[in-house]
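The values are calculated or read from the model by the stated rules, or taken from the named source; none is laboratory data. Owing to the predicted nature of the structure, the values given are computational and were not obtained by experimental measurement. With ideal geometry, Cβ positions are generated from the backbone for all residues, glycine too; neighbour counts draw on all protein chains shown.
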Amino acid sequence: MNYVISDIHGYYKEYLELLKKIKFKDSDNLYVLGDIVDKGPEPVKVLQDMMLRVNVFPLLGNHDYSAMKLLLAKQKGRDGLSAEEQMELKAWMQDGGAVTAKQFMELSEEEREDILDYMEEFLLYGEVKVGRGVYVLAHAGLDNFSPDRPLEDYHYSELIYHQPDYNRVYFKDKILVTGHRPTFKIDEQYRGMIFEKNNHVAIDCGAAYGERLGVYCLETGKKYYVDIQEC
């Protein structure tokens, strides 16, 4: 089976609970649509667990990009950050990055290198074909979208920052699956739930806001949830 999850945001215990709930096994695949780190209590543990699983495929989210960029600069021992990087660092730390930075710096140098190497390999998008159809995966959306535009032509910024129009059908023959925007901000009636409409599946169930983590099975459309125990 192929599963998708997004915006784990450091909720390690709940992430493991979801894997147990879906009975995740070696023959399954899990696509993680970004924002693995920041905000929640144990972002580094989530990364370390994912690194050990060859059947887990992470996509880059905006929080992951900020973490990787700024921690990589620090790890390389550059003599200070540029003014722009200092502003980015301040904004990132205020937006949940402090917990990631703290836990990252508590690791050994080898462990830090391993995590950064892993994060540098995150995918920008995915396309998965299953019995029910073809699923296009991205963290946030497809900014400056054209149905004839190849996925590889999208710049990372068009995939990790800009939310889509949930009232628009992007592909007539494919399903777009995204995270990034909590579903209760799309429609209040989907608070803590996966949103499906217009050939679109939105799977950020608001873990960072104390709601839930959700997993979606591509083969069956079945949804699985775990409540966030702490916020």
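Taking the criterion of being free of Cβ contacts under 8 Å to residues at least 24 places away in the same chain and exposed (fewer than 12 other Cβ atoms within 10 Å of the Cβ), the residues of the stretch 172-194 that qualify are Glu188, Gln189. Residues in the stretch 3-26 that are under 22 Å from Gly131 (Cα atoms), in contact with a Gly (Cβ under 8 Å, 6 or more places away or on another chain) and surrounded by fewer than 20 Cβ atoms within 10 Å (Cβ to Cβ): none. Only a single item in (1) crowded, with 16+ Cβ neighbours inside 10 Å; (2) over 20 Å from Gly96 (Cβ atoms); (3) β-branched (Val, Ile, Thr) is not met by Val169, and it is number (1). Quick one: how many residues across the stretch 60-93 are of a type in the set (Lys, Arg) and modelled with pLDDT under 85? Count: 3.
Considering (1) modelled with pLDDT of 95 or more; (2) within 16 Å of the chain's Cα centre (by Cα); (3) of a type outside the set (A, V, I, L, M), the lone condition that Gly96 does not fulfil carries the number (1). So is Ile203 of a type in the set (A, V, I, L, M) and closer than 23 Å to Lys21 by Cα or not? Here the answer is yes, as Ile203 does meet what is asked.
Evaluation of Ile115 against the conditions (1) crowded, with 16+ Cβ neighbours inside 10 Å; (2) touching a strand residue (DSSP E or B) at 6+ places or on another chain (Cβ under 9 Å); (3) under 29 Å from Gln103 (Cβ atoms) shows that the sole unmet condition is (2).
Candidates in the stretch 1-50 are the residues that are without any contact (Cβ under 8 Å) to a residue 40 or more places away in the chain and either among the small types (Gly, Ala, Ser) or in contact with a Lys or Arg (Cβ under 6 Å, 6 or more places away or on another chain) (or both); of these, the one that is nearest to Phe195 (Cα to Cα) is Tyr12.
Table: residues versus (1) among the charged types (D, E, K, R); (2) within 24 Å of Val56 (Cβ to Cβ).
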residue: Asp114; (1), (2): yes, yes
residue: Asp117; (1), (2): yes, yes
residue: Pro147; (1), (2): no, no
residue: Leu176; (1), (2): no, yes
residue: Phe184; (1), (2): no, no
residue: Lys197; (1), (2): yes, no
residue: Gly214; (1), (2): no, yes
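A single member of Leu107, Leu72 is more than 18 Å from the chain's Cα centre (by Cα), more than 30 Å from Lys25 (Cα to Cα) and either among the hydrophobic types (A, V, I, L, M, F, W, C) or surrounded by 17 or more Cβ atoms within 10 Å (Cβ to Cβ) (or both), and it is Leu72.
In summary, helices (runs of 4 or more DSSP H) completely within the stretch 92-179 and bearing 3 or more residues that are of a type in the set (D, E, K, R) occur at 109-119. Taken over the stretch 207-231, the criterion of being closer than 16 Å to Asp35 by Cβ, touching a residue at least 40 places away in the same chain (Cβ under 8 Å) and assigned to a loop (DSSP other than H, G, I, E, B) is satisfied by Ile228 alone. Within the stretch 27-42, the set of residues being over 12 Å from the mean Cα position of the chain (by Cα) and surrounded by 23 or more Cβ atoms within 10 Å (Cβ to Cβ) comprises Gly40 only. Is it true that some residue in the stretch 62-83 is among the acidic types (Asp, Glu) and in contact (Cβ under 8 Å) with a residue 40 or more places away in the chain? Scanning the stretch 62-83, I find at least one residue that is among the acidic types (Asp, Glu) and in contact (Cβ under 8 Å) with a residue 40 or more places away in the chain, so the answer is yes. Figure legend. Inter-residue proximity from the stretch 84-97: first residues more than 19 Å from Ala207 (Cβ to Cβ), second residues in a helix (DSSP H, G or I), beta-carbon distance below 6 Å, spacing 6+ or different chains. Indicated pairs: Leu89/Leu70.
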